[in-house]
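Since the structure comes first, as structure tokens, the remarks are kept for the end.
What follows is calculated from the coordinates using simple rules that are stated; it is not laboratory data. Source: prediction; values computed, not measured. All Cβ positions, even for glycine, are placed from backbone atoms using ideal geometry, and neighbour counts span all protein chains on display.
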2 protein chains.
Amino acid sequence: MNDELKSSRTELHRYPTRGHHDFETVAAILDEAFVCHIGFVANGQPYVLPTVYGRDDRVLYLHGSAQGRMLNALASAEAICVTVTLVDGLVLARSGMHSSVNYRSVVLLGSAEPVATADKERALKIVSDQVVPGRWETLRPVTSAELEQTTVLRMDIVEASAKVRTGPPQDDEEDYALPIWAGTLDFPVRDPVAVPDVRLDPKVPLPAHVANYRRPAKR
Amino acid sequence: MNDELKSSRTELHRYPTRGHHDFETVAAILDEAFVCHIGFVANGQPYVLPTVYGRDDRVLYLHGSAQGRMLNALASAEAICVTVTLVDGLVLARSGMHSSVNYRSVVLLGSAEPVATADKERALKIVSDQVVPGRWETLRPVTSAELEQTTVLRMDIVEASAKVRTGPPQDDEEDYALPIWAGTLDFPVRDPVAVPDVRLDPKVPLPAHVANYRRPAKR
């Protein structure tokens with residue numbers, strides 16, 4: 001097993017067989033999602049806020065308003081945590097003790113630093129591509145005023161863990177004989193409904209990147 | 001507007017019109033989800049971990065292994081943050097700047113304290129009911145050894161904010177004339193597939209709480 005992203009802080013103690021520390025597993029989970037939960041500390045209080053992100057190789061990009069508190073708190077924080085979770089299904093065991101969730105998650109530790117103005121547009125495209133692949137090229141181009149109003153942060157993927165639970169419940173041996181329905185409730189691929197803006201010119205066709213949108217793209 | 005859960009720490013500065021601080025809005029969002037992201041600090045490093053939870057009135061219950069690091073870290077932490085996020089859809093604007101996500105989230109600040117052994121079973125039922133309503137009564141009863149191996153924490157809902165974005169994109173006025181498809185991609189209700197355990201006796205019928213499971217229950 002490739003443990004290159006492992007540290008004493010990202011090592012998993014409970015259910016170590018569910019843990020992974022190789023870049024490929026971490027990257028595959030990051031690529032299926034687009035919302036992360038960022039943890040940072042301000043005045044001794046931890047905060048956890050959801051936001052979108054984009055991955056490019058070993059870098060995660062985050063963005064937000066230059067006036068917003070979150071991005072400024074993140075940029076000045078010595079240590080942050082970014083967590084991404086995909087809930088694949090529910091594990092319905094014969095006891096509460098063994099009932100669980102099938103999920104894939106990544107916990108990424110490190111710090112975030114501002115992206116220079118010259119590199120912002122490329123980073124914003126990466127975030128856009130993560131949320132809706134293929135859309136960026138169809139948009140009205142970003143202006144330099146917009147780039148100035150936007151803070152973009154980068155976080156290197158160097159210290160991380162992935163945790164994966166799949167499959168049926170693992171019940172106590174004597175419970176298998178009980179007449180209790182057990183199995184999993186698997187969440188299907190998310191296939192959203194396109195709702196045109198009320199002000200959209202009906203002559204504008206529905207583009208393929210919207211019509212074919214599914215999340216995750218393949219499973 | 002009822003601001004009873006508002007504090008200087010949960011006040012929203014960006015997009016204040018998206019913010020809510022009344023218990024009813026917070027509770028409604030908490031009731032639709034079952035996975036939260038918990039933030040806590042250990043050795044100066046913030047960690048964000050996903051877990052299931054249950055709400056009962058003004059209390060949130062969390063549970064985990066008594067041997068696990070997370071629950072012990074949470075119980076000894078002076079301050080934690082619990083965040084719950086529902087992603088309802090994608091907002092496809094005519095520019096990257098106004099592209100967004102329709103979501104509902106709750107950020108809850110406070111601390112967690114252990115639930116006494118005598119109250120653990122009731123709290124575990126509340127968590128189970130949050131994840132799969134109606135299942136707890138059908139399970140093999142919890143044993144006292146299992147209760148001992150499980151740590152249950154409670155967190156009072158006293159300081160919180162909710163943030164809600166709904167509706168179509170809000171583009172710059174001059175961008176509405178552009179021939180760019182815009183609107184929303186709305187994620188449908190999640191209607192999971194029941195997969196029986198390979199060791200399930202085929203004579204055990206599929207119960208209604210599994211057959212009719214949808215998340216969220218109503219929308």
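Some observations on this one:
- Average beta carbon contacts from partner chains per residue of A:30-39, 10 Å cutoff: 4
- Between identical copies, the spacing of B:P202 label points, each set 7 Å from Cα toward the C-beta atom, reads 5.3 nm from nearest to farthest.
- Per residue of peptide B:135-141, the mean number of Cβ atoms on other chains within 10 Å of the residue Cβ is 6.
- Inter-copy label distances for A:Y15: 3.2 nm (label point placed 7 Å from Cα along Cα→Cβ; shortest first).
- Taking the fewest neighbouring Cβ atoms within 10 Å as the starting point, the ordered list for A:F187, B:F34 is A:F187, B:F34.
- The calculated FRET efficiency for B:D172 paired with A:R122, based on their beta-carbon distance and R0 = 22 Å, is about 0.45.
- Shape category assigned to the range B:32-137 from the gyration tensor of Cα positions, a/c cut at 1.5: oblate
- Considering only B:L185, B:L206, B:L71, the mean-square fluctuation computed in a Gaussian network model of chain B, springs between alpha carbons under 10 angstrom, is largest for B:L206.
- Of all the options B:L108, B:L139, B:L153, the one that moves most in a Gaussian network model of chain B with Cα springs shorter than 10 angstrom is B:L139.
- Rounded if a/c under 1.5, otherwise prolate or oblate - the protein assembly as shown, Cα gyration tensor axes: prolate
- For A:D31, inter-copy separations between label points set 7 Å beyond Cα along the Cβ vector come to 4.1 nm, shortest first.
- Extension gain (nm, one decimal) between A:V195 and A:E4, 0.36 nm per residue minus Cα-Cα: 64.4 nm
- Treating r as the C-beta distance of A:D186 and A:N212 and R0 as 22 Å, the FRET efficiency rounds to 0.50.
- Three-way shape call for the range A:9-54 based on the alpha-carbon gyration tensor, with the a/c threshold at 1.5: oblate
- For the segment B:173-179, counting C-beta atoms of other chains within 10 Å of every residue's C-beta and taking the mean gives 3.
- Kirkwood-Stokes translational diffusion coefficient of the range A:179-219, alpha-carbon pairs, 20 °C, 1.002 mPa s, µm²/s: 159 µm²/s
- Kirkwood Rh (inverse of mean 1/r, distinct Cα pairs), the range B:16-211, angstrom: 19.4 Å
- For the residues A:R135, A:R190, A:R199, a GNM of chain A with alpha-carbon springs under 10 Å puts the largest fluctuation on A:R199.
- For peptides B:80-87, B:24-31, A:141-148, sequence by mean Cβ density within 10 Å, most packed first: B:80-87, B:24-31, A:141-148
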